[in-house]
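Okay, structure first, notes after.
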Amino acid sequence: MAGAPGTGKSTLVRALAAARTAVILDNDIIKSAILDANVQWTLAGPAAYEVLFALAADMLSQGRSVILDSPSHYPQIPARGMAIAQAGSAAYRFIECVCSNQAALEQRLLLRSPRRSQMRGLGEPPADAGDVLSAAKRISVHLWETHRPEIDYLTVDTTAPLDSYLPTALSYINL
């Protein structure tokens, strides 16, 4: 599961996990815990992904279905996910959530109780991400970009009610 902050990833993940009895691994929970352990912001993101992928591989080795809840900010994320799925003899599916209504997206971000690693509103990154954001602006990196796999993936617009796109997402993961 991927997409920019506030696009409804976690909402869709919870619905899919309930329908498939899958384990949810949320990158924001992992990264926030790492930040709470006083790890620098620049190290927390890569560390969180290492933990996320290690947990995913372990869950797959136990025969569990796994859904990763992550914005997929780095280009290697889809490739690592595919490799772990292949090693675990599991199907790999990539769903990107988008919210085409900018006002709805802003409202979602403002209404949520963000974890330490999450945005508070559009253009309002976590307070302790300042150094990372400054560096990204200097080298023209867009931190909120979603990296997709080169294979087939599904994009769902979460502006509509969950019931309108959940069947499509379930059909896609059941291929």
What about Ala169, is it within 21 Å of Asp26 (Cβ to Cβ), surrounded by 13 or more Cβ atoms within 10 Å (Cβ to Cβ) and at pLDDT 95 or above? yes
Looking at Glu50, Glu150, Glu96, which one is of a type outside the set (Val, Ile, Thr), closer than 21 Å to Tyr165 by Cα and modelled with pLDDT of 70 or more? Glu96
Here the residues within region 70-116 that are under 14 Å from Leu52 (Cα atoms) and touching a Ser or Thr at 6+ places or on another chain (Cβ under 6 Å) are Ser72
Sole miss for Tyr74 among (1) under 23 Å from Leu16 (Cα atoms); (2) in contact with a His (Cβ under 7 Å, 6 or more places away or on another chain) is condition (1)
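Would you mind finding the one in Leu43, Leu35 that is of a type in the set (A, V, I, L, M), in contact (Cβ under 8 Å) with a residue 12 or more places away in the chain and over 28 Å from Leu162 (Cβ atoms)? Walk me through how you get there before you give the answer.
Values: Leu43 fails: in contact (Cβ under 8 Å) with a residue 12 or more places away in the chain.
That would be Leu35, the only listed residue that is of a type in the set (A, V, I, L, M), in contact (Cβ under 8 Å) with a residue 12 or more places away in the chain and over 28 Å from Leu162 (Cβ atoms).
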Of (1) modelled with pLDDT of 95 or more; (2) more than 16 Å from Ala85 (Cβ to Cβ), Ala33 satisfies every one except (1)
Asp58: passes all of (1) of a type outside the set (Gly, Ala, Ser); (2) closer than 20 Å to Ile151 by Cβ; (3) at pLDDT 95 or above but (2)
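The values are calculated or read from the model by the stated rules, or taken from the named source; none is laboratory data. Because the structure is a prediction, the values reported are computed rather than measured. Cβ atoms come from the backbone with ideal geometry, glycine included; neighbour counts cover every protein chain shown.
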